[in-house]
Amino acid sequence: MAVPRASIHGEWSSGLVFILAATGSAVGLGNLWRFPYLVGENGGAAFVIIYLLCILLVGLPIMIAEITIGRRGKRSPINSLRSVSLEEGRSRRWSLLGWLGVAAGFFILSFYSVVGGWALFYVLQALLGSFGGITADAASELFDTLLASPGSVVVWHTLFMLILFVIVAAGVRRGLQRAVTLLMPLLFVLLILLVGYGMAASGAFQEAMAFMFRPDFSAVEAGTILTALGQAFFTLSLGMGAIMVYGAYLSRQESIAKSAAWIVGMDTATALLAGLAIFPIVFAAGLEPGEGPGLVFVTLPIVFGEIPFGYGLGLLFFVLLSVAAVTSGMSLLEPATAYLTEQTGGNRAQAAALITGLIWVLGIACGLSLNVWSGFELLPGMGIFDALEFVSNDIMLPLGGLLIAVFVAWRMRLSSVVSELGADQDSAVFKTWLFATRFVAPAAVILVFLNATGLFG
Ligand code: PFF
C-alpha cells in the first residue's frame, strides 16, 4: 500500500516546471563543454552513436526508475529510499544508495563549480572585449593564466557556489522553480541563436555534420564505451539522486514516463545542437576539434575574436554556459540540502549554508590541484580534480544508476511500480521499460565495467 505522503519542501507548481527543472539539471557543462570535446577526442560520429545508444537503452529507463523512487518517497534520496524500501518489505540498507548519491554530489559539485567559475570568468572577459583579435597563443595564455592562478580559480568558484547557495536556500518554489522558469527559456533562445549562426554564416556546417554523424569505428576502444556510458549518466544527471529529489517535488497527477521522455529528448537535442553550434565555427576557422577540455575555453574565444558579431556571440555563448551550469549545479546541491533540512527539522537556509560550505572547501582543493598542488596525485596519474571527476562520473554514477534500476525493477513490488507510473501493466511500453530496466541497463553497466577493468583483454 502506498502511504500518501506530502513533500515538506513543497512541490513544483506544474508538471511543466518539473520538466524545466530536470532539463535544467540535465543540460549543463556536460552538454556544452564536455560532450563536444569528448566527440572531438573520440573520433566524432562513432562516439555519438554509442552515446545515443547508452542514452536510449540505459539512460531513459533509469531516469524513469529514479523519478519513480523520488515521487514515491517524497523526501530527499536517503529518506525516500529508506521509506520506500521499508514499505516494499526490503532492507532499510537501501538508504545507503542515497548516501552514495550524496557523496557523488559532493564530488561532482566540487569540480563542477570550479568549471562553472571559469564560465563566469569568461562572461567577464567577453564583456571586456578580451577576445577581439586574440591570437591562438594569447587565447591559450588567457586560459592557462586563469588555471595557474589559485586566487582567480578560488574567487570564481566561490562566486559560483554563492549563486547556487542563494537559489537553493530560498526553497523549491521561491528558489529552484523561480530560477528555472527564468533561466531555461533564456537558455533555449541563446542556443538557437548560436546554432542559427553556425548554420547560416560559417560555411562549415556540412563539415560539422559529417564529423558528428559519419562514423569511423576504428577510433573506438574499450575505454570509449565507458566514457560514452559515463557521459550518458552525467549528462542526464542520473545515478546520484538529483533527478530523484526533483521527482519528490512532482505532483502525483503528472506522468513520470512522459516527463522523462521530454527531459531525455531535450537534453540529447541540446548536446547535439551544442556540437552543431560549436564545430562549424571551429572548422570554419581552420582549428582542430580534438582540443580536449580547452575546446570551449581556448578554441572558441579565438573564433569569437575573428568572426563578424564575435563580441555578441562570445558573450551569448558564455552567458549560455553559465546559465546552464547554474541550473545543473543547484540540482547537485539539493539532495544533501534536502536531507539535512529533513533531519534538522526544517531550517533550509542553514542546511544549504553548511552543505555549500563543505563543497566549497572540497572545490578549493580541486581548484588548487590545477596549480599549486599540481604535483599531488590522489589516484595514479590523477590530481584531485581529475580523480574526483573520474571516480564520480565513471564509477559512482553508473554504480548508482545500476542499483536504482535493480531496486525499482527487482526489489519493488510490481503493483507499486505500476501504480506510481500510472501504467497499464500489459502495455507494450510498460513491458519494454521493465525489460530494459531489469536486464538491459544493469547488463550494460556491468559489461562496461568489466570491460574497462581489462578482463576481456
Ligand atoms: N547533467 C549535468 C551536465 O550535463 O552538466 C551535470 C550533472 C548535474 C550531473 C547534476 C549530475 C547531477 F546530479
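General observations
- Considering each residue of region 266-273 in turn, none proves to be within 14 Å of the ligand (Cβ to nearest atom), farther than 30 Å from T135 by Cα, assigned to a loop (DSSP other than H, G, I, E, B) and among the small types (G, A, S).
- Cβ-Cβ distances below 9 Å connect the following pairs, each with a first residue in region 24-48 that is within 14 Å of A208 (Cβ to Cβ), a second residue that is among the basic types (K, R), and a separation of six or more residues or different chains: G44/R214; A45/R214.
- In region 202-221, the residues that are assigned to a helix (DSSP H, G or I) and surrounded by fewer than 16 Cβ atoms within 10 Å (Cβ to Cβ): Q206, A210, F213, F217, S218, A219
- Residues satisfying the stated conditions in region 283-297, i.e. closer than 18 Å to Y311 by Cβ, in a helix (DSSP H, G or I) and of a type in the set (A, V, I, L, M): A284, V296
- Residues of region 19-45 satisfying the condition of being within 16 Å of the ligand (Cβ to nearest atom) and more than 18 Å from S259 (Cβ to Cβ): G28, L29, G30, N31, L32, W33, R34, F35, P36, Y37, L38, V39
Results for (1) farther than 15 Å from V166 by Cβ; (2) within 21 Å of the chain's Cα centre (by Cα); (3) in a helix (DSSP H, G or I); (4) within 16 Å of the ligand (Cβ to nearest atom), shown as yes or no for each residue.
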| position | (1), (2), (3), (4) |
| --- | --- |
| L321 | yes, yes, yes, yes |
| A324 | yes, yes, yes, yes |
| S328 | yes, yes, yes, yes |
| P335 | yes, yes, yes, yes |
| T341 | yes, no, yes, no |
| G346 | yes, no, no, no |
| A349 | no, no, yes, no |
| I355 | no, yes, yes, yes |
| I359 | no, yes, yes, yes |
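- For region 361-387, filtered to residues that are touching a residue at least 40 places away in the same chain (Cβ under 8 Å) and not in a helix (DSSP H, G or I), the residue that is farthest from A242 (Cα to Cα) is V372.
- Residue check for M240: within 16 Å of the ligand (Cβ to nearest atom), surrounded by fewer than 24 Cβ atoms within 10 Å (Cβ to Cβ) and closer than 28 Å to T68 by Cβ: no
- Among residues of region 91-106, those that are within 12 Å of the ligand (Cβ to nearest atom) and under 15 Å from G73 (Cβ atoms), counted: 2
- Residues that are of a type outside the set (A, V, I, L, M) and part of a helix (DSSP H, G or I), drawn from region 300-319: P301, F304, G305, E306, G310, Y311, G312, G314, F317, F318
- Filter result for G196 (of a type in the set (G, A, S), modelled with pLDDT under 95 and surrounded by fewer than 16 Cβ atoms within 10 Å (Cβ to Cβ)): yes
- Selected residue (only one of L56, L109, L16, L86 is modelled with pLDDT of 95 or more, in a helix (DSSP H, G or I), away from the ligand (no atom under 16 Å from the Cβ) and closer than 27 Å to S322 by Cβ): L16
- Inter-residue pairs, beta-carbon under 8 Å, first in a helix (DSSP H, G or I) and in region 441-454, second modelled with pLDDT under 80, 6+ apart: L450/F456; N451/A222; A452/A222; A452/G223
- Residue match in region 280-287 (condition: buried (at least 24 other Cβ atoms within 10 Å of the Cβ), touching an Asp or Glu at 6+ places or on another chain (Cβ under 9 Å), under 18 Å from T327 (Cβ atoms) and not polar (S, T, N, Q)): no
- Scanning region 385-414 for residues that are touching a Phe, Trp or Tyr at 6+ places or on another chain (Cβ under 7 Å) and more than 16 Å from the ligand (Cβ to nearest atom) yields a count of 1.
The values are calculated or read from the model by the stated rules, or taken from the named source; none is laboratory data. Here the structure is a predicted model, which is why all the values come from computation and not from measurement. Here the Cβ is made from the backbone with ideal geometry for all residues, glycine too, and neighbour counts use every protein chain on show.
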